[in-house]
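This report refers to the structure that appears directly beneath it.
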Amino acid sequence: MTGTSSSVRQPLKGIRVLSAEQYGAGPYGTMFLAQLGADVIKIEPPKMGDTARHVGPHWLREKESLYFQSFNLNKRSLTLDLTQEKGKEILHKLVKTSHVMANNMRGDVPAKIGIDYAALKEVNPQIICAHISAYGRDNERAKWPGYDYLMQAEAGFCSLTGEPDGPPTRFGLSMVDFMSGTQMAVGLLAALLDAQRTGQGCDVDVDLLSAAIHQLSYPAIWYMNEGDVTGRAPRGAHPSATPSQMFKAADGWMFVMAQIPKFWPILAARIGHEELVSDPRFDTPANRLTNRTILTEILDEIFGKHPVRYWQDRLEGFVPISPVYNLDQALDNPWLDKINMRDEVAHPDNANVKILSSPIKINGQRLPNRAGPLLGADNDEILSEMGYNGADIAALKSDGVI
């Protein structure tokens, strides 16, 4: 467990991020900032809050969603109706002392409710307005709702995933959301550095479809330059390097990757079949690719004689290899404790909520965590910091502003 040691350096201490966010993409990105020390104030609609608060099937004792905890560690929650004038007044007071205004709303909404740079530059010329939308804010799709799975479909991910004779298959997780949130965080941090140098803020935009298309990377370059349409290969194999795919051992699956030429003779030697190296069917990368089906059959027969653990002992540290785990096996892997990738946080409804640590380390230390906030948990504290007294706050509650 990483704990919440105050000795961990957090380089974004002193940076304030406001975020009108919901569900996955935006909250995922701003959570990185919060774990790095930024004061992320999560702005939520009164009463209902972030949609993610209502996503099951698992709940803490008072019907607080475990799903919500996945994306909202280390943040503060402020309920605020941005459609009311008093709500906008509070927002503008916050913007004056903030560095970033982020959101992941539909493309046409930020301008309507006044959270883009055009609306906020008079309040704070250095403010960075970071936007994640489905299709962008500057085109005819701006009003379209959109989600991760749609992007996987339109960007061609589904056509690249699964077995060749099966239907198109989406990723098992909302990876486009996570990519987009991370890219937003990179963009806004770069803009923040520039604003500190120049005194001028800006809009930073990431849309889900663009993020997904960008991740097509080398298959995109291959197609755009050579007309080569990458398709699905059996067992999740690499499109050009082989053997680099899943193989069946005696008791389960494993992924073995002779990804670059130097690993092929090492693999052959470690499995006791050096003769494969000089076999004319497999003696060059091109020949191995041409004869991949035959090579797979030969390696299947070899690997099938022993369990996965046997082959790990033979190959680990010499050739890239990994067991193919189920979700429970992946999370029960003792290695996660060795690298401190599991943590626990105290929540009002559960004193020991198990979470994943940040993948980022500073000076060799994982970043500290605290539980995601209850809806509006920080209203009084944030408003008091702004100069509102108890009577003011009570009136704002009565009027439905917070």
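The values are calculated or read from the model by the stated rules, or taken from the named source; none is laboratory data. In this text the structure is predicted, and so the values were computed from the model without any measurement. Positions of Cβ are backbone-derived with ideal geometry, glycine not excepted, and every protein chain shown enters the neighbour counts. All accessible areas refer to the heavy atoms of the entire protein, side chains included, with ligands and DNA or RNA removed. Shrake-Rupley method; radii C 1.70, N 1.55, O 1.52, S 1.80 Å.
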Does region 15-31 include one or more residues that are more than 20 Å from the chain's Cα centre (by Cα), under 18 Å from Arg370 (Cα atoms) and not in a loop (DSSP other than H, G, I, E, B)? yes
List the residue pairs whose Cβ atoms are under 7 Å apart, where the first residue sits in region 241-253 and is small (Gly, Ala, Ser), the second is open to solvent by 10 Å² or more (accessible area, probe 1.4 Å) and in a strand (DSSP E or B), and the two are 6 or more positions apart or on different chains. Ser244/Met257; Gly252/Pro323
Mind counting the residues in region 75-103 that are part of a loop (DSSP other than H, G, I, E, B) and open to solvent by less than 30 Å² (accessible area, probe 1.4 Å)? 4
Give the number of residues within region 379-396 that are more than 14 Å from Gly87 (Cβ to Cβ) and buried (at least 18 other Cβ atoms within 10 Å of the Cβ). 0
Could you say whether any residue in region 47-57 is closer than 18 Å to Thr182 by Cα and either outside any helix (DSSP H, G or I) or open to solvent by 30 Å² or more (accessible area, probe 1.4 Å) (or both)? no
Would you be able to tell me the number of residues in region 151-186 that are of a type outside the set (Lys, Arg) and farther than 27 Å from Leu33 by Cα? 17
Residue count, region 193-235, condition among the small types (Gly, Ala, Ser), modelled with pLDDT of 95 or more and part of a loop (DSSP other than H, G, I, E, B), comes to 3
Kindly evaluate Lys248 against the criterion of being under 25 Å from Asp165 (Cα atoms) and open to solvent by 60 Å² or more (accessible area, probe 1.4 Å). yes
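Considering Val319, Val345, Val353, which residue is in a loop (DSSP other than H, G, I, E, B), surrounded by 15 or more Cβ atoms within 10 Å (Cβ to Cβ) and either modelled with pLDDT of 95 or more or assigned by the TED database to the domain that holds Lys262 (or both)?
Every option except Val319 fails the conditions.
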Scan region 184-202 for residues that are open to solvent by 60 Å² or more (accessible area, probe 1.4 Å) and touching a residue at least 24 places away in the same chain (Cβ under 8 Å) and jot them down. Gln196, Gln200
Subset tally (residues that are in contact with a helix residue (DSSP H, G or I) (Cβ under 6 Å, 6 or more places away or on another chain) and in a loop (DSSP other than H, G, I, E, B)) for region 172-192: 1
Please enumerate the residues belonging to region 206-225 that are farther than 19 Å from Leu150 by Cα and either in contact (Cβ under 8 Å) with a residue 24 or more places away in the chain or in contact with a helix residue (DSSP H, G or I) (Cβ under 6 Å, 6 or more places away or on another chain) (or both). Pro219
Please find, among Met151, Met175, the residue that is closer than 25 Å to Ile132 by Cα, buried (at least 20 other Cβ atoms within 10 Å of the Cβ) and assigned by the TED database to the domain that holds Asn103. Met151
Conditions (1) touching an Asp or Glu at 6+ places or on another chain (Cβ under 9 Å); (2) part of a loop (DSSP other than H, G, I, E, B) -> Asp165 fails only (1)
